[in-house]
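Asks: Have a look at the structure that comes next, please.
The values are calculated or read from the model by the stated rules, or taken from the named source; none is laboratory data. Everything numeric here is computed off the predicted structure, so don't read it as measured data. Positions of Cβ are backbone-derived with ideal geometry, glycine not excepted, and every protein chain shown enters the neighbour counts. Only protein heavy atoms, including side chains, enter the accessible area calculation; ligands, DNA and RNA are left aside. Shrake-Rupley method; radii C 1.70, N 1.55, O 1.52, S 1.80 Å.
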Amino acid sequence: MKVTTKGHTVIIKDTEGDIVAFLDKINSQYNSFKEHNLILDISHDKSVDVKSIKIFSDLAKKHKKEKKSIVFVVSDIDYNKVPMSIIVVPTQLEAQDLIEMDEIERDLGF
């Protein structure tokens, strides 16, 4: 797991290729991330599918209650089959753009 901070956003990249272990590590260290927007980059793990993305549902809901954004970076997935509660994009740049838009909406009171 590689952690990078860029302004109000923390980028966490899975380096092991084990999606369940990645989720466990994030949950165990959540208190250090909860005040930041999160980008969870699991794009290098080619075995990720919609079913494995769904295990992050509880984390996504918990983070949204903190009034922060959480975006997943996953390549080669059918984005239409991902639940609406989980935001998935193909690149980190798109994830950062989405978070910026969310920040603007929060600043405007939406």
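Asks: Rounded, prolate or oblate, given the Cα gyration tensor of the stretch 1-99, with a/c below 1.5 counting as rounded?
Replies: Taking the square roots of the gyration eigenvalues as a ≥ b ≥ c, the stretch 1-99 is rounded.
Asks: Which links in LYS25/LYS62; LYS6/LYS65; LYS34/LYS61; LYS13/LYS46; LYS34/LYS81 stretch past 19 Å when you go from one Cα to the other?
Replies: The answer is LYS6/LYS65; LYS34/LYS81.
Asks: Which percentage, to the nearest 5, of the DSSP beta bridges contained in the stretch 1-106 is antiparallel?
Replies: Taking every DSSP beta bridge within the stretch 1-106, about 30 percent pair in antiparallel fashion.
Asks: Could I ask something else about it? Ignoring everything except DSSP H segments at least 4 long, calculate the 222 nm mean residue ellipticity for the chain; use -39,500 (n - 2.57) per segment, divide by total residues, nearest 500.
Replies: When only DSSP H runs of four or more count, the value is -11500 deg cm²/dmol.
Asks: Which of the trypsin sites (Lys or Arg not before Pro) found in the stretch 1-100 are in a DSSP loop and have at most 16 neighbouring Cβ atoms, other than their own, within 10 Å?
Replies: Sites meeting the loop and neighbour criteria: LYS34, LYS46, LYS67.
Asks: Please identify every one of the GluC sites (Glu not before Pro) in the stretch 8-95 that sits in a loop by DSSP and has no more than 13 other beta carbons within 10 Å of its own beta carbon.
Replies: Qualifying residues, ordered by number: GLU16, GLU35.
Asks: Given a 1.4 angstrom probe, what's the average accessible area per residue across the chain, in square angstrom?
Replies: Ligands and nucleic acids excluded, the result is 58 Å² per residue.
Asks: Would you mind computing, in nm to one decimal, how far apart the modelled labels at ALA21 and LYS62 are, each placed 7 Å from Cα along Cα→Cβ?
Replies: It works out to 2.0 nm between the two label points.
Asks: Suppose every K and R has +1 on its Cβ and every D and E has -1 on its Cβ; what is the size of the dipole of the chain about the Cα centre, in Debye to the nearest 20?
Replies: 380
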